[in-house]
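First up is the structure itself, then whatever we jot down about it.
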Amino acid sequence: MASWIREHTESGRPGIITCSALKRSYRDILRGPDVVFVHLAGPMELIGTRIAHRQGHFMPPALLDSQLATLEPLGDDERHLVIDAGRAPEAETAEIIARLGLVPGVG
């Protein structure tokens, strides 16, 4: 993932990668000058419901407690957005695009 990020940022191509990157040490590997981490924040019940409804995903809902226990908050020195996950995914996506100043369908 880190190589992919660097290839894209060095060539000026935007990209999105989804992963948990729960620990700062993981984010340190992925971080670069043009990398912005997006934290979808919501109550455990909501996150659990979303995980339970995913199809073909490797992470079972039973691991949610350990994932949340592992999560290290984003630091002030990490470029990031915190997005409220209590809305429809389309609304969350629209907010991310707007806050990053992106143009949908371009790039």
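Quick look at the values:
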| read-out | value |
| --- | --- |
| Degrees, to the nearest 10: 44-53 long Cα axis against longest axis of the chain | 80 degrees |
| Residue with peak Gaussian network fluctuation, the chain [Cα springs, cutoff 10 Å], from 75, 42, 32 | 75 |
| Computed [θ] at 222 nm, helices only, for the chain once each DSSP H run of length n ≥ 4 contributes -39500 (n - 2.57) | -12000 deg cm²/dmol |
| Simple spin-label estimate for residue 22 and residue 88 in nanometres, 7 Å along Cα-Cβ | 3.1 nm |
| 10 °C / 1.306 mPa s Stokes-Einstein diffusion coefficient of the chain, Kirkwood radius on C-alpha pairs, µm²/s | 104 µm²/s |
| Cα→Cβ-extended label distance, 7 Å offset, between residue 1 and residue 34, nm | 1.9 nm |
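Computed from the coordinates by the stated procedures, all read-outs in this text should not be read as laboratory data. Quantities reported herein were computed from a predicted structural model and do not represent experimental measurements. Because the Cβ atoms are built from the backbone with ideal geometry, glycine has one as well, and the counts that use them run over all protein chains shown.
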